[in-house]
Every structure is written in C-alpha cells, then in structure tokens.
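The structure under discussion appears below in the form of structure tokens.
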Amino acid sequence: MEKNNRKQEEEVSSAKIRNRTIAAFVIFILLFGGGAFTFFKIKNQPGETQQTGVQDPLRKVLNENENVFNKVFSSNHLAKTYPKSEAVKNVRVNGDVGMGDDFDAKDWKLKLVKADGDTLAISLEDIQKLPKTEITFDFKCIEGWSQVTNWGGVKFSDFVKAYHLDQQSQKKYIGLVTPDGEYYVGIDMPSAMHPQTLLCYQMNGKPLPMDQGYPLRLMIPTKYGIKSLKRIGTLSFSNERPKDYWYERGYDYYSGL
Ligand SMILES: Nc1nc2c(c(=O)[nH]1)N[C@H]1C(S)=C(S)[C@@H](COP(=O)(O)O)O[C@H]1N2
Ligand SMILES: [Mo]
C-alpha cells in the first residue's frame, strides 16, 4: 500500500516537473519576446524634437526624474565646502569647446543682454569692483572624477543686485555662451541665484588661467562641471530653456548634484 502510494507520487511529480518545465519555457519565451518588443519599440521611437539623441519614452522618464529631484533637492541646499588649504594646486583642465586660440582677451567684455536690443558691455575691472566671494568645494565632472578646488568671484545674486537686474531675474533661466558661440549652457534661475553660484575670475587666489576660462567663467557647485561654462561671452535671460550643449547630447538639463 505504502509502496504503491510512493510510486504514484513519483509518477505525479515527474509529470508535474515536465509540465512546469514547459510552463517555464513558455513564460521565458513570452518575457524575452516582450522585452525584445519593448526594446525595439523604444529604439524605433523618434528622438525628441530637440534632437538630444534620447528616445521619447526614455526622455519622459528623465524629465520625470528631474521633477522629482528638483522637488527633493531644493536649490537652497548648500554644496559641502572645505578649508582653502585642502584645495589642490594642480587643477585639472577639462573641456575645450569654445576655447579656441583666436580669442582676444584684451578686448573682452561681458555682453549682458538685458532685453532685446538692450545689451550692456561690462569690463573685468567693473566685475572685480563688486563684492568678492571665495569658495572651496569638490568640483565634480560627470566623467567620474572630482577635485577639491578654490575659486573666487562675485556671487551671481550680488551681480544681479549691483546691475539692477531684478526684472530679468524674474525670468526662469539664464543662458551663457562662449564668445565664439561654440559652448553654451542654460541654468534655471533658482540655481543661478543660489548663494554659492559665482561669476568667477580667480582660481587659488590668482586670475583664472586661460584654459580654465579667463577672464570670467561660471562656477556652480550645486551642479556637475558641464554647467560651469568657461570663458563667458554673453549672458542673457529667458522664460524658455536656453540651448544647452550637453543637453543636446543626451545629458540631464539640470545636472544637479
Ligand atoms: N567653454 C567651455 N566650458 C566648459 C567646458 C568646455 O568644454 N568648454 N567643459 C565643462 C566640463 S565638462 C568641465 S568638467 C569643466 C572643467 O573645468 P576645468 O577645465 O577648469 O577643470 O568645465 C566645463 N566648462
Ligand atoms: Mo565635465
């Protein structure tokens, strides 16, 4: 009796195993097919209108992430700062788009576009007369390296005050472009007005080296290095997102830390 039972059990279980194997195989095929279908569906979606090389469904996810991050990390949070003595002396140079040799530093002036047809040209000397702020922080590049570095300049918010840009600062974005137009970034206004965001003309207490953005660069510690545009030519304000070099190449527009 007992023996019979066991035999039956064994038969049942081997039939069960066979059925389960078939079921598992069918499920595998369905899941694999579904995955492949989704992959090719996304791959064949047109890129978004702005040609960032990111397919629309993926861009939707990125934009959603942005919204979440913008809410969680309000632009009031401060980047960690370090004692000046911890700043490295050999500061890495990275990125040379818009940094061509044909730049005439002597004739440089910051082009401040206050409105259409209302542009102010501001000299480095004038910018250096404004209240100076220094910051030592861990500068982070999206390529995966970081360096504690020291920078000096005027807070963007102090610059706004000094040049009475109250109206302009009601806009949603600032746009920065190199003199040759080759490199450009857009910064949301809350991040531009953040107390650690500098129009920067010094590194380690000395004028910026040429390849680090002389005479004036942006330094925005709450974002990845791609946003800290070197060699500012033009500064403007807008409610539409200004074009952004790395956004066009698929990176997050805000690139916040
Ligand atoms: N004009 C200009 N600014 C730029 C870049 C660039 O290619 N051109 N590269 C960005 C990137 S990716 C980084 S990490 C930092 C590097 O600044 P550094 O050369 O002072 O280290 O500059 C940013 N600003
Ligand atoms: Mo970078």
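Between the listed residues Thr136, Thr119, Leu165, the Cα displaced farthest toward the positive end of the dipole of the stretch 117-178, a dipole computed from Cβ unit charges relative to the Cα centre, is found at Leu165. Computed extension length for Glu182-Lys60: 41.2 nm, one decimal, from 0.36 nm per residue of separation with the Cα-Cα distance subtracted. Rounded to 0.05, the FRET efficiency of the Lys161 and Asp101 pair, given R0 = 51 Å and the Cβ-Cβ distance, is 0.90.
Near Glu134: Cβ cut-off under 14 Å, other residues only, Lys/Arg at +1 and Asp/Glu at -1. The net charge is +2.
Report, in whole Å, the centroid distance computed from the Cα atoms of the stretch 84-100 and the stretch 210-257. After rounding, the separation between the Cα centres reads 15 Å. Using Cβ point charges alone (K and R +1, D and E -1), the dipole size of the stretch 134-249 about the Cα centre works out to roughly 100 debye. Taking trypsin sites (Lys or Arg not before Pro) across the stretch 176-257, the ones in a DSSP loop with at most 13 further Cβ atoms lying within 10 angstrom of their Cβ are Lys243, Arg249. Pairs exceeding a 22 Å alpha-carbon distance, out of Lys132/Lys230; Lys60/Lys140; Lys206/Lys230; Lys80/Lys161; Lys84/Lys172: Lys60/Lys140; Lys80/Lys161; Lys84/Lys172.
Among 79-91, 121-133, 201-213, 148-160, what's the highest-first ranking by average C-beta atoms within 10 angstrom per residue?
Per-residue Cβ counts within 10 Å, averaged per peptide and sorted highest first, yield 148-160, 201-213, 121-133, 79-91.
With a cut-off of 14 Å between beta carbons, the residues surrounding Gly153 carry a summed charge of +3, where Lys and Arg count +1 and Asp and Glu -1.
None of the figures in this text is laboratory data; all of them are computed from the coordinates on show. On a predicted model such as this, the values are computed, not experimentally measured, just so you know. Methodologically, a virtual Cβ is constructed for each residue, glycine included, from the backbone with ideal geometry; neighbour enumeration extends over all protein chains shown.
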